[in-house]
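The values are calculated or read from the model by the stated rules, or taken from the named source; none is laboratory data. Quick caveat: nothing in here was measured; it's all calculated off a predicted structure. Note that we place each Cβ from the backbone using ideal geometry, even for glycine, and neighbour counts take in every protein chain shown. With ligands, DNA and RNA removed, areas are computed over all heavy atoms of the protein, side chains included. Shrake-Rupley method; radii C 1.70, N 1.55, O 1.52, S 1.80 Å.
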Amino acid sequence: MIKANVVVEFPEWKKKIYNPEKYLQKKFDKLKKILKLKNKNLEFSILLTNNAKMKKLNNKFRKKNKITDVLSFPLKYITKNNIYIGDIAISFEIINKRSRISNFNYEFDKMWIHGYLHLAGYDHKKNKDYKKMNKKELLILNYLNK
């Protein structure tokens, strides 16, 4: 099972996705079919926030005093049946702006998948890693939206 502890800090999120917890759980139920979890439950947190909070978090943890779309904070905490893999924060305004030429849910899916892959150990510091991560993102995104 995959479970996200969803914290909606910025109320505009619920104008676009009425029940983010339920929305994500449906996606996770579909996603678990292609992930091999070996009888473990994956858990992480998602903070749905705004640009101001993202700028503060980015400055505090990455020493970059600017807004960003998604931040991931990997952490592996293992209990008998569960693995807590970390936290993700996503900015509403950036997703909303991108959705003007696409779709809000699609842009949101891209961001939480990107964040999830960082929690799972992927990065994009080198070009070959970017290609590998991007390929995995697109594979998951296409699978969840077919």
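Can you name the condition, by its number, that Lys80 falls short on among (1) at pLDDT 95 or above; (2) over 12 Å from the mean Cα position of the chain (by Cα)?
That leaves (1) as the condition not met.
Among residues belonging to segment 41-77 that are small (Gly, Ala, Ser) and within 15 Å of the chain's Cα centre (by Cα), point out the one that is nearest to Pro20 (Cα to Cα).
The extreme case among them is Ser45.
I'd like to check something: does segment 39-61 contain any residue that is within 20 Å of His118 (Cβ to Cβ), among the β-branched types (Val, Ile, Thr) and modelled with pLDDT under 95?
The answer is no, given that none of the residues of segment 39-61 is within 20 Å of His118 (Cβ to Cβ), among the β-branched types (Val, Ile, Thr) and modelled with pLDDT under 95.
Quick one: which helices (runs of 4 or more DSSP H) sit completely within segment 45-146 and have at least 1 residues that are within 23 Å of Lys3 (Cβ to Cβ) and open to solvent by less than 20 Å² (accessible area, probe 1.4 Å)?
The helices (runs of 4 or more DSSP H) meeting that bar are 92-98, 104-119, 127-144.
Given the structure, is Leu42 aliphatic (A, V, I, L, M) and either surrounded by fewer than 19 Cβ atoms within 10 Å (Cβ to Cβ) or outside any helix (DSSP H, G or I) (or both)?
yes
Could you check segment 88-129 and list, in sequence order, the residues that are over 22 Å from Glu12 (Cα atoms) and in contact with a Lys or Arg (Cβ under 8 Å, 6 or more places away or on another chain)?
Leu117, Tyr122 - these are the residues of segment 88-129 that are over 22 Å from Glu12 (Cα atoms) and in contact with a Lys or Arg (Cβ under 8 Å, 6 or more places away or on another chain).
Is there any pair linking a residue in segment 1-26 that is part of a loop (DSSP other than H, G, I, E, B) to one that is modelled with pLDDT under 95, with Cβ under 6 Å and at least six apart or on different chains, and which?
Taking only residues 6 or more apart or on different chains, the pairs are Met1/Asn41.
Exactly one condition in (1) at pLDDT below 95; (2) β-branched (Val, Ile, Thr); (3) surrounded by 17 or more Cβ atoms within 10 Å (Cβ to Cβ) is not met by Val6; state its number.
(1) is the only condition that Val6 fails.
Give the residues of segment 38-85 that are closer than 18 Å to Lys110 by Cα and among the hydrophobic types (A, V, I, L, M, F, W, C), sorted by residue number.
Phe44, Ile46, Leu47, Leu48, Met54, Ile67, Val70, Leu71, Phe73
Checking Gly86 against (1) under 14 Å from the mean Cα position of the chain (by Cα); (2) at negative phi, which test does it fail?
Only one criterion in (1) under 14 Å from the mean Cα position of the chain (by Cα); (2) at negative phi is unmet by Gly86, namely (2).
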